[in-house]
Amino acid sequence: QVQLVESGGGLVQAGGSLRLSCAASGSIFSIKGMGWYRQASGKQRELVAGITSGGSANYADSVKGRFTISRDNAKNTVYLQMNSLKPEDTAVYYCKLWGLTDTYWGQGTQVTVSS
């Protein structure tokens, strides 16, 4: 069993910054990658950013240049630094872990950007 615990969400004004964290614990044998998704009200969940165990990262076009994903392999933790936030970034942000054969989701953390 793997648990993902997210933190760092909140309310911020447009142009501000937030840093999300996601710590994985439990029966972790191997991690292929970790990442962040988001789901705005009434919309489908979408990939925001992902990072492999080797450190290769990819981003949604909408966040390139503003968000940075990083990972601490020793702590099984992934971070999402979000700068220059926009109201359209408002969503519940979910952490995801890709294991060898299974995937796991966090419970989600709300990010609200006011204009």
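The values are calculated or read from the model by the stated rules, or taken from the named source; none is laboratory data. What you see is a predicted model, and the numbers here were worked out from it, not measured in a lab. Positions of Cβ are backbone-derived with ideal geometry, glycine not excepted, and every protein chain shown enters the neighbour counts. Heads up: the accessible areas ignore ligands, DNA and RNA and are worked out on the full protein's heavy atoms, side chains in. Shrake-Rupley method; radii C 1.70, N 1.55, O 1.52, S 1.80 Å.
Key figures for this structure:
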| item | result |
| --- | --- |
| Accessible area of Ile69 in the full protein assembly, 1.4 Å probe (Å², nearest 10) | 10 |
| Sequence of Leu4, Leu11 from largest to smallest accessible area, 1.4 Å probe | Leu11, Leu4 |
| Shape call, the stretch 27-85: gyration tensor on alpha carbons, a/c limit 1.5 | prolate |
| Accessible surface, 1.4 Å probe, highest first, among residues Arg19, Arg71 | Arg19, Arg71 |
| Thr101 accessible area, assembled protein chains, probe 1.4 Å, Å² | 120 |
| Lysines with Cα under 22 Å of Lys86, excluding same-chain neighbours fewer than 8 positions away | Lys43, Lys64 |
| Model label zone, Val5; criterion: amide N under 15 Å from point 7 Å along Cα-to-beta-carbon; scope the stretch 85-115 | 106-109 |
| Glu88, Glu46, Glu6, reordered so the largest accessible area comes first (probe 1.4 Å) | Glu88, Glu46, Glu6 |
| 17 Å Cα-Cα reach of Lys32 towards aspartates and glutamates, excluding residues that sit fewer than 8 places from it in its own chain | Asp72, Asp102 |
